[in-house]
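Written below as C-alpha cells is the structure these notes are about.
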Amino acid sequence: MERTLVLIKPDAVQRGLIGEIILRLERRGLKLIAAKFLQVNQELAETHYAVHKGKPFYEGLVRYITSSPVMAMVWEGPNAIAAVRQTMGATRPTEAAPGTIRHDFALEVGRNLTHASDSPETAAQEIALWFKPEELYPWDRATDAWIMGQN
Ligand code: GTP
Ligand code: MG
C-alpha cells in the first residue's frame, strides 16, 4: 500500500476545482486519509520546492504556491504514487493526455493545478513535511475488498 501527498494548488482553489479533483481521485478508488486547507508560508514553500532551487522558474513557483490557499491531502492505495500522477497528467498541460486533470483544465506549466509526490522517498518526506503523524487517519472502507483484490 502506498501513500502520496497531493496539493490542490492556488489556481485550482481559485477556479473552484477542489471538488472536481477530489471526485476524480475518489472515483479512481484511492482513499483519503488526511486533508487540510491552508495558506502556505515562505518557509514551507521553500522546503517543499527545495529540489527546484536555482532553476529559472523557482522564484515564480514559490510565489505561485504562496499566493492563495491550497488544499493539502494524503491519498492511499495500491500504486497510489503512479496512479495519482497518471490522473494528474504530464507536468506541461499541453503534453498531458486527454482525460487527465491537467489536460482537461489547464494550459500552462506555471498554472498546472496540482502537485503529487513522485516516488516513495519523496512521498514519505512530503507527507512528514505537510502533516503531523496524528493528522493522518487511516480507516477501513466497506468497498476496500472490491477495489483492492488479490491476483
Ligand atoms: P509537481 O507534482 O507539482 O511536483 O509536478 P511535477 O512533478 O509534474 O513537476 P516538477 O516537479 O518537475 O515541477 C514542479 C512544479 O514546478 C510543476 O508542477 C510546475 O508548477 C512548476 N514547473 C516545472 N517546470 C516549469 C517550467 O518550466 N516553468 C514554470 N513556470 N513552472 C514550472
Ligand atoms: Mg514534482
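The values are calculated or read from the model by the stated rules, or taken from the named source; none is laboratory data. Since this is a predicted model, take the numbers as computed values, not measurements. Every residue, glycine among them, receives a Cβ derived from its backbone with ideal geometry; neighbour counts consider all protein chains shown.
Across segment 23-47, which residue is surrounded by the most Cβ atoms within 10 Å (Cβ to Cβ) among those that are within 26 Å of G60 (Cα to Cα) and away from ligand 1 (no atom under 16 Å from the Cβ)? Break it down into steps so the answer makes sense when it comes.
Step one: list which residues in segment 23-47 are within 26 Å of G60 (Cα to Cα), which gives 35-47.
Applying the additional criterion that residues be away from ligand 1 (no atom under 16 Å from the Cβ) yields 35-39, 41-43.
Working: A35: 16, K36: 12, F37: 12, L38: 11, Q39: 11, N41: 9, Q42: 11, E43: 9.
Ranking the candidates gives A35 first.
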Helices (runs of 4 or more DSSP H) completely within segment 49-109 that count 2 or more residues being of a type in the set (V, I, T): 58-65, 80-88
The listed residue being more than 10 Å from ligand 1 (Cβ to nearest atom), small (G, A, S), closer than 27 Å to E46 by Cβ and touching a helix residue (DSSP H, G or I) at 6+ places or on another chain (Cβ under 7 Å), out of A123, A116: A123
Selected residue (criterion: farthest from ligand 2 (Cβ to nearest atom)) from residues of segment 114-136 that are acidic (D, E) and not in a loop (DSSP other than H, G, I, E, B): E134
Qualifying positions in segment 62-88 - buried (at least 18 other Cβ atoms within 10 Å of the Cβ), out of contact with any Asp or Glu (no Cβ under 8 Å at 6 or more places or on another chain) and not β-branched (V, I, T): M71, A72, M73, W75, A83, M88
Which listed residue, of E76, E95, E108, is charged (D, E, K, R) and away from ligand 1 (no atom under 12 Å from the Cβ): E76
Selected residue (only one of E20, E46 is of a type in the set (D, E), part of a helix (DSSP H, G or I), touching a helix residue (DSSP H, G or I) at 6+ places or on another chain (Cβ under 8 Å) and within 16 Å of ligand 2 (Cβ to nearest atom)): E46
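On the given criteria, is T47 within 25 Å of P133 (Cα to Cα) and either modelled with pLDDT of 95 or more or of a type in the set (F, W, Y) (or both)?
yes
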Long-range neighbours under 6 Å by Cβ, at least six apart or interchain, first residue of a type in the set (F, W, Y) within segment 32-44, second buried (at least 18 other Cβ atoms within 10 Å of the Cβ): F37/M71
Residue list for segment 5-19, restricted to those being over 18 Å from E108 (Cα atoms), under 13 Å from the mean Cα position of the chain (by Cα) and away from ligand 1 (no atom under 13 Å from the Cβ): I18
Residue within segment 94-113 that is away from ligand 2 (no atom under 16 Å from the Cβ) and in contact with a strand residue (DSSP E or B) (Cβ under 9 Å, 6 or more places away or on another chain) present: no
Qualifying positions in segment 111-128 - over 16 Å from N79 (Cα atoms), loosely packed, with under 13 Cβ neighbours inside 10 Å and not aliphatic (A, V, I, L, M): none
